[in-house]
Amino acid sequence: MASAGINFAGLTPQNGALQELAELIFLNLQEEDKLGQLLVFMTEQRNGKKVGFVGKPGLLGKASEGCNPTYDNHLTATSEKTWDIKEWQISEKICYEDLVGTIAQHFAQNGTDVADLTDTEYMDEIVRPLFEQAIPELIIRYAFFGDKDIATNELQDGVSAGAFNLIDGIWKQLFTAVTEGKTKRVTIEANTKQTVDAQYEAMRAPGAATGVLNDLIIRTPAKMRNLANRRFIVTQAFADMLNLDIQENNKGSNLQWESIFAGIQKTTYQGVELLAVPQFDEIIQNYLKNTTDANAYDKPFRVIYGPKDNFRAGTESKETLATLKVWFNEDEQTNKMLAKDTLGALVVADDYAAVAY
């Protein structure tokens, strides 16, 4: 019976090298969720609800008119977006028969309870943590890379469209805003190369990475320049090339990085906070397909620029993250896991964002 869980076929039970499940090494076990440092979350939202944005007032002030001055009516510009919030779920099941002959079998129940894996070391220490960490990864994937119209030829073989087409994420919204002339774009020429090696070689050219960030700072609307919460959100590939550009072409200078969570790191460039998100690269390299050049990645070097609170995720729930429920189904003799919640993503004001890709 095919089910969720871990394939222990590659581990030999009682071989003297591995005696406890706790000895297993998990390369991608994440820290406690801190997604609020990546996206501004709004709880208790509703699908179809309007989100308003208030910009800066226009030119105010004039020469004094003494007594009885005239009063102007300069209205501050506003705009609004609408939440598109949809429900997602993670639903998996595990049959105890899948553990027969593996190391995990020795940590299951005995007798008539053998099929019930709840409250076992296998479930509590191994399976549950792995599936709980999948929830923030799901949020990052949908919130940034969601595309309701994603086509099969945009995905690598075997990747389901359902892993992306829940909502239109932040990248899809930015691509659309660029096309409509609402959001400024800086072109990264390295992304247009026909192989992965050529893409990385081009991006490593002196001044390529720093030039992209400088252009975003200089060429984007001046109204963004005095915002204290401006930030760059970049792929890890771009961050790596930025590091090399600074080290090799600025007399050995180094960016000072600070770990946030789950491999995401932050630093500062020209006074602007910069976040490097390796989850972006995992999605680009493993799931998306370059529809123009099959031997190249789909825009591996990407940058989002703007105030932090312009990029938001919304849920109808009171909490940011859903809770994973685990239970044993007596009738089916299977162990089930279920997490359900809702999610939407918004670029609140298109003209307060800029991108490079």
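Could you tell me which of rounded, prolate or oblate describes segment 206-357, using a ≥ b ≥ c as the square roots of the eigenvalues of the alpha-carbon gyration tensor, with rounded for a/c under 1.5 and, failing that, prolate when a/b is larger than b/c and oblate otherwise? Taking the square roots of the gyration eigenvalues as a ≥ b ≥ c, segment 206-357 is prolate. The trypsin sites (Lys or Arg not before Pro) of segment 135-207 that DSSP puts in a loop, and whose beta carbon has at most 15 other beta carbons within 10 Å, are LYS148, LYS182, ARG204.
Between LEU255 and ASN295, what length in nm is gained on full extension when 0.36 nm per residue of separation is reduced by their alpha carbon distance?
Details: separation 40, 0.36 × 40 = 14.40 nm, distance 3.13 nm.
Separation in residues times 0.36 nm, less the Cα-Cα distance, equals 11.3 nm.
If the cut-off is 19 Å between C-alpha atoms, which lysines fall inside it for LYS172, apart from same-chain ones fewer than 8 positions away? Hits, sequence-local ones excluded: LYS81, LYS86, LYS148, LYS182, LYS184, LYS289, LYS299, LYS308.
Applying both filters, DSSP loop and at most 10 other Cβ atoms within 10 Å, to the GluC sites (Glu not before Pro) of segment 282-357 gives GLU330. Per-residue 3J(HN,Hα) values for segment 292-303, derived from phi via the Karplus relation 6.51 cos²θ - 1.76 cosθ + 1.60 with θ = phi - 60°, read 9, 10, 5, 8, 10, 7, 8, 6, x, 9, 9, 9 Hz in sequence order (x marks Gly and Pro).
Working from label points 7 Å from Cα in the Cα-to-Cβ sense, the THR43 to VAL272 distance is 3.2 nm.
Using 0.36 nm per residue and subtracting the Cα-Cα separation, the extra length available between LEU227 and GLN333 on full extension is 32.4 nm.
Determine, from the Cβ-Cβ distance of ALA151 and GLU121 and an R0 of 35 Å, the FRET efficiency 1/(1 + (r/R0)^6), rounded to the nearest 0.05.
On the way: r = 44 Å, r/R0 = 1.25.
Here the calculated transfer efficiency is 0.20.
Which shape class applies to segment 222-281: rounded if a/c is under 1.5, otherwise prolate when a/b exceeds b/c and oblate if not, where a ≥ b ≥ c are the square roots of the Cα gyration tensor eigenvalues? It is oblate, given that a/c is not under 1.5 and a/b is not larger than b/c.
For segment 134-186, the normalised intensity computed at q = 0.16, 0.21, 0.24, 0.25 Å⁻¹ comes to -0.51, -0.78, -0.91, -0.94 (log10 of I(q)/I(0), Debye sum over alpha carbons, equal scatterers, no solvent).
Every number here is computed from the coordinates shown, using simple stated rules; none is lab data. Quick caveat: nothing in here was measured; it's all calculated off a predicted structure. Don't worry about glycine lacking a Cβ; one is built from the backbone with ideal geometry, like all the others, and counts go over all protein chains shown.
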